[in-house]
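What follows is a single structure, written as structure tokens, with notes after it.
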Amino acid sequence: QVQLVESGGGLVQAGDSLRLSCAASERTFNDYYMGWFRQAPGKEREFVAVVSGSGRTTAYAVSAKGRFTVSRDNAKNTAYLQMNSLKPEDTAVYYCAAGPGFLTRSTKDYTYWGQGTLVTVSS
């Protein structure tokens, strides 16, 4: 059982930056691909970014590419999502998830989920 705890959300203005963190309890943290997803009110949960176990491979949603950076520190069992140039449409609850050993954007492929952290971007 992998426990994930997100932090770093908050209320910011458009154009600001935030860094989300996802701390994992699992000592074999580097076995998992770590994904970031978000869910806005009234919408389905959507893929944002994913990073491979080694950290060398990443993928992004079109909406995140160029503004967000996903990374991980396996020594700290922590994944990160650096979000720059935030827009009001980025407002959502952000979730991290631990998934299988392959790169996937589907929520169905991720086994463990954090509780989410709220990001609110005002205009």
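General observations
- Candidate set from region 15-32 (those that are open to solvent by 40 Å² or more (accessible area, probe 1.4 Å) and of a type in the set (S, T, Y)); member that is farthest from L118 (Cα to Cα): T28
- Members of region 75-88 found to be touching a residue at least 60 places away in the same chain (Cβ under 8 Å), open to solvent by 30 Å² or more (accessible area, probe 1.4 Å), not basic (K, R) and not in a strand (DSSP E or B), listed by number: N84, S85, P88
- Among the residues making up region 61-73, a single one is open to solvent by 40 Å² or more (accessible area, probe 1.4 Å) and among the aliphatic types (A, V, I, L, M): V62.
- Any hit, region 101-114, residues being aliphatic (A, V, I, L, M), touching a helix residue (DSSP H, G or I) at 6+ places or on another chain (Cβ under 6 Å) and surrounded by fewer than 21 Cβ atoms within 10 Å (Cβ to Cβ): no
- The residues listed here are L11, L20; of these, the one that is in a strand (DSSP E or B) and either over 13 Å from C96 (Cβ atoms) or polar (S, T, N, Q) (or both) is L11.
- If only residues of region 40-74 that are of a type in the set (A, V, I, L, M) and assigned to a strand (DSSP E or B) are counted, the one that is farthest from L20 (Cα to Cα) is A59.
- Answer from T120, T104 - the residue that is more than 21 Å from A23 (Cβ to Cβ) and in a strand (DSSP E or B): T120
- Residue count, region 34-60 (criterion: touching a residue at least 60 places away in the same chain (Cβ under 8 Å), touching a helix residue (DSSP H, G or I) at 6+ places or on another chain (Cβ under 9 Å) and open to solvent by less than 50 Å² (accessible area, probe 1.4 Å)): 4
The values are calculated or read from the model by the stated rules, or taken from the named source; none is laboratory data. Quick caveat, the model's predicted, so the values are computed rather than measured. Here Cβ is always computed from backbone atoms with ideal geometry, including for glycine, and neighbour counts include all displayed protein chains. Remember, those area values only see protein heavy atoms, side chains included, never the ligands or the DNA or RNA. Shrake-Rupley method; radii C 1.70, N 1.55, O 1.52, S 1.80 Å.
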